[in-house]
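The values are calculated or read from the model by the stated rules, or taken from the named source; none is laboratory data. Owing to the predicted nature of the structure, the values given are computational and were not obtained by experimental measurement. Here the Cβ positions follow ideal geometry from the backbone for every residue, glycine too, while neighbour counts run over all protein chains shown. Side chains included, ligands, DNA and RNA excluded: accessible areas come from the protein's heavy atoms. Shrake-Rupley method; radii C 1.70, N 1.55, O 1.52, S 1.80 Å.
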Amino acid sequence: MKIAALASGSSGNCFYVRNKDSSVLVDAGISCKRIVERLSLLGENANSIKGIFVTHEHTDHTKGVDVLARKFHIPVFATKGTIDNSFLCSDEDLINEIKNDDIIKLAGLEIEAFSKPHDASDPVSFAIRNGKMISILTDVGHASKNVINAVRDSDFLVLESNHDLKMLREGPYPYFVKRRIESDIGHFSNLHSGLCVLEHANSKLDNVMLAHLSEINNTPLLALNTFNSLMKERLDLKPEISLSLRSSTELFNV
Ligand SMILES: [Zn+2]
Ligand SMILES: [Zn+2]
């Protein structure tokens, strides 16, 4: 498998996973045009995409779904809560309802949906397997059992590192928004994501891609430093650490 973050952060999220000649997307929160452009920068092609898996209804995860799905005739997979609470696609034939714990076989991959704690109606994360396992864990409020299992079993982890707690608390957001972000159904902080890997990851974990960084309440350096300093406590764990930022796109081998 190969994986790339085509976009990550509050302005849009889109992850591309390729297996041989086919691929899937997890979320399409940037425009179809930008998805096609970023794929071509990687030497990839949207014609290979066999499915778009949507994690939840927030627009930073859904914005590009409709145009992309219709233009390339790609089926869309989402829970009923996500389908009912967002405009995913005007061609209803392309929409497929999935449930928590469903495993969909597509593009030679097994894609498992599992529920996660976030302030949406039925949010899920996805684990993608083909011998190795990739988990894409963004928009998670706390380390629930499903989140811990995914961290424990993954070879490649995309993990939310949304904010630095101090920057969030002292930052410009209104109090109620700060409360929501910090809540059990909000977003993982730098500390949350580092502690989650420190406490639960298996030594087979090869890669951690820190994702969904806030542009207001975090910096790439703070996210990396927090993570790396916590990792020093696990001598058996030496994952390669990367950051998924808006401007950098790289295709990683899994
Ligand atoms: Zn989000
Ligand atoms: Zn969200």
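Odds and ends about this structure:
- Any helices (runs of 4 or more DSSP H) falling wholly within segment 155-254 and containing at least 2 residues that are under 29 Å from GLY43 (Cα atoms): 220-231
- Filter result for LEU159 (crowded, with 20+ Cβ neighbours inside 10 Å, without any contact (Cβ under 8 Å) to a residue 40 or more places away in the chain and within 16 Å of ligand 2 (Cβ to nearest atom)): no
- Search result, residues across segment 238-254 that are open to solvent by less than 50 Å² (accessible area, probe 1.4 Å) and of a type in the set (Gly, Ala, Ser): SER242, SER244
- Evaluation of LEU235 against (1) open to solvent by 60 Å² or more (accessible area, probe 1.4 Å); (2) at pLDDT 95 or above (one fails), failing number: (2)
- Lone qualifier among ARG18, ARG34 - being modelled with pLDDT of 95 or more, away from ligand 2 (no atom under 16 Å from the Cβ), open to solvent by 30 Å² or more (accessible area, probe 1.4 Å) and not in a helix (DSSP H, G or I): ARG18
- The single condition among (1) surrounded by 19 or more Cβ atoms within 10 Å (Cβ to Cβ); (2) more than 15 Å from ligand 2 (Cβ to nearest atom) that ASP102 does not satisfy is (1).
- The residues listed here are ASP101, ASP93; of these, the one that is over 27 Å from ASN253 (Cβ atoms) and at pLDDT below 95 is ASP101.
- Candidate set: segment 58-79, residues that are within 16 Å of ligand 2 (Cβ to nearest atom), assigned to a loop (DSSP other than H, G, I, E, B) and not charged (D, E, K, R); chosen: the one surrounded by the fewest Cβ atoms within 10 Å (Cβ to Cβ): HIS58
- Subset tally (residues that are assigned to a helix (DSSP H, G or I) and either in the same structural domain as ASN19 (by TED's automatic domain parsing) or open to solvent by 20 Å² or more (accessible area, probe 1.4 Å) (or both)) for segment 120-154: 6
- Checking each residue in segment 80-99 for being open to solvent by 70 Å² or more (accessible area, probe 1.4 Å), out of contact with any strand residue (DSSP E or B) (no Cβ under 8 Å at 6 or more places or on another chain) and among the charged types (D, E, K, R) picks out ASP84, GLU92, ASP93.
- Which numbered condition ASN96 fails, given (1) away from ligand 2 (no atom under 16 Å from the Cβ); (2) assigned to a loop (DSSP other than H, G, I, E, B): (2)
- Filtering segment 1-40 to residues that are closer than 16 Å to SER135 by Cβ and either of a type in the set (A, V, I, L, M) or more than 16 Å from ligand 1 (Cβ to nearest atom) (or both) leaves MET1, LYS2, ILE3, ALA4, ALA5, TYR16, VAL17, ASN19, VAL24, LEU25, VAL26.
One line per residue, one yes/no per condition, for (1) among the polar types (S, T, N, Q); (2) within 18 Å of ASP139 (Cα to Cα); (3) open to solvent by 70 Å² or more (accessible area, probe 1.4 Å):
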site: LYS166; (1), (2), (3): no, no, yes
site: GLY171; (1), (2), (3): no, no, no
site: PHE188; (1), (2), (3): no, yes, no
site: LEU191; (1), (2), (3): no, yes, yes
site: LEU198; (1), (2), (3): no, no, no
site: LEU205; (1), (2), (3): no, no, no
